[in-house]
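A short write-up of the structure that comes next.
Each value in this text was obtained by applying a stated rule to the coordinates, not by laboratory testing. This one's a predicted model, so the numbers in the text were calculated from it and none came from an experiment. Glycine also receives a Cβ, built like all others from the backbone with ideal geometry; neighbour counts cover every protein chain displayed.
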Amino acid sequence: MNLRESTHIALQGLSANVLRSALTMLGILIGVGSVIVLVAVGNGSSVAVQKRIEGLGTNTLVVMRTRGGFGGFGGGGGFGGGGGGRATNGTQSSVSQLTTKDVTALGDKSQAPDLKAVAPVINEASVTATYSGATYAPSQFVGTNADYLSIRDYTIADGAAFTNQDVTDRNRVALLGQTVVTNLFGTQNPLGATVQFNGIDYHVMGVLTPKGSNGAQDQDDIVITPITAVQDTLAGANAPLSQITVEARSRGAMTAAADEVTTVLLGTHHITDPTQADFQVLNQATLLSTASSTNSVFTVLLGAVAAISLLVGGIGVMNIMLVTVTERTREIGIRKAIGARRSDILGQFLVEAVLLSLMGGVLGVGLGLIGSKFKIVGVTPVVAWYSVGLAFGVAVGVGLFFGLYPANRAASLRPIEALRHE
Amino acid sequence: MRPVLLALQHVEKRYDAGEISVIALREINLAVTRGEFVAIMGASGSGKSTLMNILGCLDLPTRGKYTLAGTDVRLLDDTDLAAVRNRLIGFVFQSFNLIPRTSALRNVELPLVYAGVKPRERAERARAALQMVGLENRSGHKPSELSGGQQQRVAVARAIVTDPAIILADEPTGNLDTTATAEMLDLLDHLHGLGRTIILITHEPDVAMRASRVVRLSDGRIVSDEYQTPSAAMHPSSHR
């Protein structure tokens with residue numbers, strides 16, 4: 001008897017009790033579906049981290065001051081350890097600030113040859129933008145210099161970027177992210193318009209090319225202005241810098257650049273003992289790749305949980321197949337009496353079990369792909385195709401494995417006893 | 001003398017039930033030639049079902065020899081026995097034993113499926129068999145949509161579709177009313193008339209009267225083995 005006949009007979013068997021077959025399939029369906037969705041969620045958060053790393057700009061270091069008594073990032077060990085002195089922090093009760101003087105010192109090529117660009121950053125919190133009646137609070141309001149754009153990989157879609165001349169001239173100009181433009185201007189052209197930030201007039205001179213979300217935040221929800229203008233208006237003249245963003249010459253020069261930054265700033269802050277530094281140099285890419293590897297552990301864990309539900313589904317298949325074999329004992333006897341071989345009966349029930357899990361698998365893949373279209377706990381799932389193949393293959397394997405015992409039981413029934421069965 | 005189709009020599013069947021062993025058949029010697037219509041009679045417990053199981057290759061004798069169409073059945077393994085049942089034996093059971101939720105045609109086709117016959121030829125032969133039992137217009141019906149008499153005729157069609165050497169009918173009329181019984185016996189007569197070898201197991205004397213030979217069993221032994229002139233049908237046969 002060939003596979004086609006076995007399939008025909010098996011389908012007939014499955015359709016004898018549609019509800020039961022459907023419920024059994026549901027077990028496999030949920031198993032396969034959850035493997036796909038959960039792996040996609042894990043994968044999605046990895047992808048988000050990856051994007052965030054790219055969004056930080058390549059070869060970027062961030063210098064932040066350490067607040068007194070604040071432990072920072074675990075004494076430098078928190079982001080990969082290696083490269084001694086690359087990242088130092090400490091605890092100190094007196095709080096000193098990062099200033100534009102530090103930025104100037106870092107700009108000295110003789111002291112820091114591995115730095116390509118340095119940008120001071122003031123992040124102003126709770127700034128509200130107003131334009132002809134429309135108001136909007138951008139999530140980031142950044143005062144910086146002209147190098148910031150290239151360090152952070154921002155480009156201009158429309159209009160022009162401000163220059164360091166604008167910074168020197170303390171011009172109140174602004175570059176708007178797409179999200180800000182949409183919320184403030186709708187479909188109108190923002191170029192040349194005057195927007196009020198907390199009541200202060202700024203001239204819109206450019207619109208940034210959309211970068212999308214980096215997984216954690218919308219990178220287009222940003223306003224970038226010259227740092228001098230922010231110091232004049234919103235932050236105050238002596239406002240400390242929130243951070244200094246530094247771009248290294250190349251990825252390979254990151255460690256050297258971090259060392260140079262540390263040396264220069266220890267000098268400007270008059271600190272001799274590096275362990276007493278009142279600032280820290282963060283290589284955020286390293287930090288995030290640590291997060292990324294944590295994430296892949298998370299993905300494996302999610303996959304394992306889902307795989308267990310697949311196993312449970314398989315046991316469901318076995319359970320139902322055992323019931324089916326008992327129920328159809330007489331039918332098995334009849335088939336044997338009219339000439340079915342052991343292998344025919346084995347084939348029939350094995351195909352039935354595999355069909356159950358196969359159909360469950362196909363529907364599960366469908367469900368998993370649909371489920372992965374939705375945002376789950378803030379993560380946009382990214383389907384990992386290996387998980388689809390794996391889940392489907394395992395489902396069929398589960399059907400085969402868990403179908404074998406019941407099918408073998410059916411095949412070994414002795415015809416006279418099977419015929420006598422009521 | 002026509003050739004011997006099946007022969008039982010010194011056959012004994014013993015069942016072991018824990019400490020005690022029950023002897024269901026002892027010292028059975030029986031030879032059936034091609035084209036015979038044999039009735040095996042006996043009260044319940046006389047061993048006729050055991051004999052039927054052995055004749056039908058559903059069970060093997062504990063001792064003795066069973067030769068079917070020249071083959072010593074004891075030498076066959078499970079797979080060969082399945083093939084023998086498929087090709088040489090056509091079963092008709094008391095309780096019809098059709099596969100539920102499956103059309104009459106598909107039921108009749110089933111032995112051919114296991115024989116590996118191609119679908120087209122299968123359907124043709126199954127239709128011809130249904131026609132022979134007068135149910136060609138019921139081929140799409142499921143067993144639950146057929147009367148008892150009709151179901152048993154489907155079973156007969158299934159028994160003859162492989163063109164077997166013997167038809168083994170185990171109390172085929174046991175679950176049928178008088179009219180259906182008469183029709184069934186006429187059908188068996190008809191098949192016998194076409195040259196089929198039929199072994200009929202029954203406890204009803206008037207059913208056994210239709211056979212040309214009656215073998216009586218009692219306590220697992222053959223107590224008589226007589227040839228007879230088959231009686232006429234119980235009802236004047238309008239059938240065929």
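In order along the stretch B:70-76, phi translates into HN-Hα couplings of x, 10, 7, 5, 4, 7, 8 Hz, rounded to whole numbers, per the Karplus curve 6.51 cos²θ - 1.76 cosθ + 1.60 with θ = phi - 60° and x for Gly and Pro.
Peptide B:51-58 is shielded by partner chain Cβ atoms: per residue, an average of 2 of them sit within 10 Å of its Cβ. Per-residue Cβ neighbour counts within 10 Å put A:ASP221, B:ASP72 in the sequence B:ASP72, A:ASP221, beginning with the fewest. Counting only alpha carbon atoms, the long axis of helix B:148-160 and the longest principal axis of chain B meet at about 70°. Cross-link partners of B:LYS13 among aspartates and glutamates, defined as those whose alpha carbon lies under 13 angstrom from its own and excluding same-chain residues fewer than eight positions apart: B:GLU27, B:ASP59, B:ASP219. Taking a straight line from the alpha carbon of A:LYS116, these aspartates and glutamates sit under 19 Å away, with near neighbours fewer than eight places off in the same chain left out: A:GLU54, A:ASP102, A:ASP108, A:ASP147, A:ASP153, A:GLU247, A:ASP259, A:GLU260.
For the stretch A:192-275, the relative contact order comes to 12 percent (Cα pairs under 8 Å, sequence separation of at least 6).
Using only the alpha-carbon atoms, how far is helix B:104-115 inclined from the longest principal axis of chain B? Give it as 0 to 90 degrees, nearest 10. The helix B:104-115 is inclined about 50 degrees to chain B.
Quick one: of the DSSP bridges fully inside chain B, what percent are antiparallel, nearest 5?
Counting only bridges with both partners in chain B, antiparallel ones make up about 55 percent.
Couplings for the stretch A:315-324, taken from phi via the Karplus curve 6.51 cos²θ - 1.76 cosθ + 1.60 with θ = phi - 60°, read 5, x, 4, 4, 4, 5, 5, 5, 4, 4 Hz in order; Gly and Pro are left as x. For B:ARG101, nonlocal amide neighbours, meaning residues 5 or more places apart or on other chains whose placed amide H falls under 5 Å from its own, are B:SER144. Extension gain, A:THR168 to A:THR130: 0.36 nm times the residue separation minus the Cα-Cα distance gives 11.1 nm. For the residue pairs A:LYS51/A:LYS101; A:LYS51/A:LYS375; A:LYS211/A:LYS375, the C-alpha atoms sit more than 22 angstrom apart in A:LYS51/A:LYS101.
In chain B, the calculated helix contribution to ellipticity at 222 nm averages -10000 deg cm²/dmol per residue, counting -39,500 (n - 2.57) for every DSSP H run with n ≥ 4.
Across the stretch B:162-173, computed HN-Hα scalar couplings (Karplus, 6.51 cos²θ - 1.76 cosθ + 1.60, θ = phi - 60°) run 8, 6, x, 6, 10, 9, 9, 10, 9, 6, x, 9 Hz from first to last residue, x flagging Gly and Pro. Between A:LEU322 and A:GLN217, what is the FRET efficiency for a Förster distance of 51 Å, r being their Cβ-Cβ separation, to the nearest 0.05? Result of the calculation: an efficiency of 0.40. Label-to-label distance for A:ASP201 and B:ASN137 is 10.1 nm, based on points extended 7 Å past Cα in the beta-carbon direction. Give the percent of DSSP beta bridges with both residues in the protein assembly as shown that are antiparallel, rounded to the nearest 5. Of those bridges, close to 65 percent are antiparallel. Angle of helix B:178-193 to the longest C-alpha principal axis of chain B, folded into 0 to 90 degrees and rounded to 10: 80°. Say the cut-off is 25 Å between C-alpha atoms; which of A:LYS336/B:LYS118; B:LYS48/B:LYS118; A:LYS336/B:LYS65; A:LYS336/B:LYS48 go over it? Distance filter (> 25 Å) returns B:LYS48/B:LYS118. Ordering of B:5-16, A:254-265 by packing is A:254-265, B:5-16, highest average first (other Cβ atoms within 10 Å, averaged per residue). Positive end of the dipole of the protein assembly as shown (Cβ unit charges, origin at the Cα centre): among A:THR225, A:THR255, B:ALA43, the Cα lying farthest that way belongs to B:ALA43. Divide the volume of the convex hull around the Cα atoms of the protein assembly as shown by the residue count and you get 237 Å³ per residue. Among A:ASN17, A:ASN319, A:ASN183, the largest mean-square fluctuation in a Gaussian network model of chain A, built with springs joining Cα atoms closer than 10 Å, belongs to A:ASN17.
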